[in-house]
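So the structure is just underneath, and the comments pick up after that.
Here, each number is a calculation from the coordinates, and none is a lab measurement. What you see is a predicted model; the values in this text were computed from it and never measured. When we count neighbours, we look across all protein chains shown, and the Cβ atoms used for this are built from the backbone with ideal geometry, even at glycine.
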Amino acid sequence: MADKKLSTFGQEVGRRSWAEPWKIKMVEPIRLPNKEERQRAMSAAGYNTFLLRSEDVYIDLLTDSGTNAMSDRQWAGLMMGDEAYAGSRNFYNLERVIQEYYGYPYIVPTHQGRGAEHLISQTVIKAGQYVPANMYFTTTRLHQELAGGIFVDVIVDNAHDPADLHPFKGNVDIEKLKSLIKKVGQANIAYVSLAGTVNMAGGQPVSMANVKELRTLCNGYGIKVFLDATRMVENAFFIKEREKGYENSSVANILKEFCSYTDGAWMSSKKDHLVNIGGWLAVNDQDLFDRLRNMVVVYEGLHTYGGMAGRDMEAVSIGIKEAVADENVRARIKQVQYLADLLMDWDIPIVKPVGGHGVFLDAGEFYPHIPQDQFPAQTLAAQLYLDSGVRGMERGVVSSGRDPETGKHRYPALELMRLAIPRRVYTQSHMDVTAEAIKEVYRHRDETLGLKMVYEPKYMRFFQARFEPIEKGAA
Ligand code: PM9
């Protein structure tokens, strides 16, 4: 892959390619099912890519969650698992590494991100309190609502426009937050829920200036700020690339500084930390820690494993150290950029600037003739699989779900189909194949019809809902 900005000895030398800072030691065979097999698999899956069997998928860009390739060091770490019920040495390793890289003193392990979201939501939110956030995430908002919280989106307006080129579209709109606090009163705010990067906006980062301003505002009102640190390493890389004053700082230093403006964090280690399972909660306040540590034994497991095996905790500790290395995160984000560049060269509508963990196709723009209640992004994910066996995920009205008050669809401004890139898994050729498949689906866009939902589960419907194609003349 090439980066035009690269220079040697300070001089422009034209194209200088770069490569991933690893080589491949073990491979897993994959197979492209033929057209009839793909048709059969999609129909059996009810046109929902979550319901496909992985063996029927050729290139799997459903998610970057738990799908990462571990290093030889991490695999070796698995052998060092101390599977004691209580006091595993792997927990103390993990605790030390989180303290070192994220800066929080008190750590509670959980089986994955939503385990941590459940604990913090149940512990901190009082029924009827508001939870302002820089856009929703599916599992995060659901846990906040199940705890009786009222979610309020306070992200900058730029985030809702896929074409807006603001470098930090994940920022909190400080004025929106101030007016919410004035309207409902500070006692009615549970905490500010801050995510870096913002998944549903397309993996968009939050700037250091923004988190500092947020901290100052919240200090004035005595409001806590909790961070969804799931992809905070990627966020730190964007700060290094885009924010003045940070170009010479390491990703690790930026990460730690950012976290220092927050009161605690929850984490799905399945993303940044280059593992297949794991998560944690970390806080500054000892009283809160005591309450969380007590809750974890009810829902996850003892406070020194929280649902993870000892070996899993070891893999996370090693993964954190690998994740924060500048060359690791650079290669990861530049691979996403490579795929995006191919699509942009062909004028295929995507969210810009390109985010950290994937390319998000603007399905509303891709299929302007498909109304949102016929699920353009769900349709695009299905069509891409049918064309080429590439699996992506809907991030539009299906993911957004229904308003708990009115029961109506929550129509988000962004109707996106996400291609999330697992870390250290696919090569440049897989990206080329994916881009060419999308180009083909785009060529047939005018003749494509939408979907109707025929089964809808109560919670997080995008995982299990089923659809049928709308027939010509029936739309
Ligand atoms: N994210 C993703 O594919 C996996 C599940 S899809 C709902 O993007 C953030 C920002 C996430 C996230 C999961 C979680 C939950 C919290 N915050 O999946 O429970 O992107 O480990 O983490 C997914 P767990």
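List of remarks:
- Enclosed volume per residue, in Å³, of the convex hull spanned by Cα atoms of segment 184-326: 128 Å³
- Cα gyration tensor shape for segment 284-410, rounded if a/c is under 1.5, else prolate or oblate: oblate
- The Rg/Rh ratio of segment 95-245, with Rg taken over Cα atoms and Rh as the Kirkwood radius over Cα pairs, comes to 0.95.
- Shown here for segment 148-182: trypsin sites (Lys or Arg not before Pro) in loop regions (DSSP other than H, G, I, E, B) with at most 13 other Cβ atoms within 10 Å, of which there are none.
- Ranked by the mean number of other Cβ atoms within 10 Å of their residues, highest first, the peptides 303-314, 279-290 come out as 303-314, 279-290.
- Projecting label points 7 angstrom from Cα along Cα→Cβ for Asp347 and Lys212 puts them 4.3 nm apart.
- DSSP bridge orientation in the chain - percent antiparallel, rounded to nearest 5: 65 percent
- Overall dimensions of segment 5-127, expressed as equivalent-ellipsoid semi-axes from the Cα gyration tensor (√(5λ), whole Å, largest first), are 34, 30, 19.
- Across segment 372-389, rounded Karplus estimates of 3J(HN,Hα) from the backbone phi angles (6.51 cos²θ - 1.76 cosθ + 1.60, θ = phi - 60°) give 4, 7, 10, 6, x, 6, 4, 4, 5, 4, 5, 5, 5, 5, 4, 6, 9, x Hz, Gly and Pro being marked x.
- Potential lengthening of the chain between Trp75 and Arg96 amounts to 5.6 nm, from the contour at 0.36 nm per residue minus the alpha-carbon distance.
- With the helix formula -39500 (n - 2.57) applied to DSSP H stretches of n ≥ 4, the chain reaches a computed 222 nm mean residue ellipticity of -12000 deg cm²/dmol.
- The phi torsions of segment 396-404, fed into the Karplus equation with coefficients 6.51, -1.76 and 1.60 and a -60° offset, translate into couplings of x, 5, 5, 4, 5, x, 10, 5, x Hz, rounded to whole numbers, with Gly and Pro shown as x.
- Listed peptides 42-51, 114-123 appear in the order 114-123, 42-51 once ranked by packing, highest mean of other Cβ atoms within 10 Å at the front.
- Here the peptides 131-142, 28-39 are ranked by packing, the mean other Cβ count within 10 Å, and the order with the highest first is 131-142, 28-39.
- Label zone at Arg402, where the point sits 7 Å out along the Cα-to-Cβ direction: segment 140-169 residues whose backbone N lies under 18 Å: 142-143, 145-146
- Taking amide hydrogens as placed 1.01 Å from N in the peptide plane, the amide H of Leu281 sits under 5 Å from those of Val108, Thr110, each at least 5 positions away in sequence or on another chain.
- With a threshold of 26 Å on the Cα-Cα distance, the over-threshold entries among Lys182/Lys256; Lys321/Lys439; Lys224/Lys458; Lys126/Lys176; Lys182/Lys458; Lys25/Lys240 are Lys182/Lys256; Lys321/Lys439; Lys224/Lys458; Lys182/Lys458; Lys25/Lys240.
- Taking θ as phi - 60° and the Karplus parameters 6.51, -1.76 and 1.60, the scalar couplings of segment 107-115 work out to 10, 10, x, 9, 6, 6, x, 5, x Hz in sequence order, x denoting glycine and proline.
- Three-way shape call for the chain based on the alpha-carbon gyration tensor, with the a/c threshold at 1.5: rounded
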